[in-house]
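**Q** Could you have a look at this structure, given as structure tokens, before my questions?
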Amino acid sequence: MIASHDDRWILGLESYYVDSYEGDARNERYHILLLAKNKEGWTNLVKINNTACTNFYKKPIITMDDIKKHSEGIIVSSAC
């Protein structure tokens, strides 16, 4: 398919939410989807993705504090 100038893209990130980066809390994770509403949201998705990859534990993980810190322009949803 060839993209036209009228195409609208929805940029997003799939990750896993955990209550804490410490100990066994990392094992109980919840699959989430984050979508960018605007340019600021895209910038915040990149920051959240960097955090998720830095705190990688079997899968990319983030906490609610990470989401709150970079929540402007972001839509959060369950992924499953």
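The values are calculated or read from the model by the stated rules, or taken from the named source; none is laboratory data. These numbers come from a predicted model, not from an experiment. Ideal geometry is used to build each Cβ from the backbone, glycine not excepted, and the neighbour counts take in all protein chains shown.
**Q** So in the stretch 14-33, with the set limited to residues that are touching a helix residue (DSSP H, G or I) at 6+ places or on another chain (Cβ under 9 Å) and buried (at least 17 other Cβ atoms within 10 Å of the Cβ), which one is nearest to Ser78 (Cα to Cα)?
**A** Only one residue tops the list, namely Ile32.
**Q** Further question: Considering the stretch 9-48 alone, what residues qualify as being modelled with pLDDT of 90 or more, more than 12 Å from the chain's Cα centre (by Cα) and of a type outside the set (S, T, N, Q)?
**A** Lys37, Lys39, Glu40
**Q** Now for a separate question. Cβ-Cβ below 7 Å, separation at least six or inter-chain, first residue in the stretch 8-27 and more than 28 Å from Lys39 (Cα to Cα), second assigned to a loop (DSSP other than H, G, I, E, B) and among the aliphatic types (A, V, I, L, M): which pairs?
**A** Ala25/Val18; Arg26/Val18
**Q** Also, I was wondering about something else. Those residues that are charged (D, E, K, R), within 11 Å of Ser15 (Cβ to Cβ) and exposed (fewer than 14 other Cβ atoms within 10 Å of the Cβ), I need them from the stretch 34-80; list them, please.
**A** Answer for the stretch 34-80, where residues must be charged (D, E, K, R), within 11 Å of Ser15 (Cβ to Cβ) and exposed (fewer than 14 other Cβ atoms within 10 Å of the Cβ): just Lys59.
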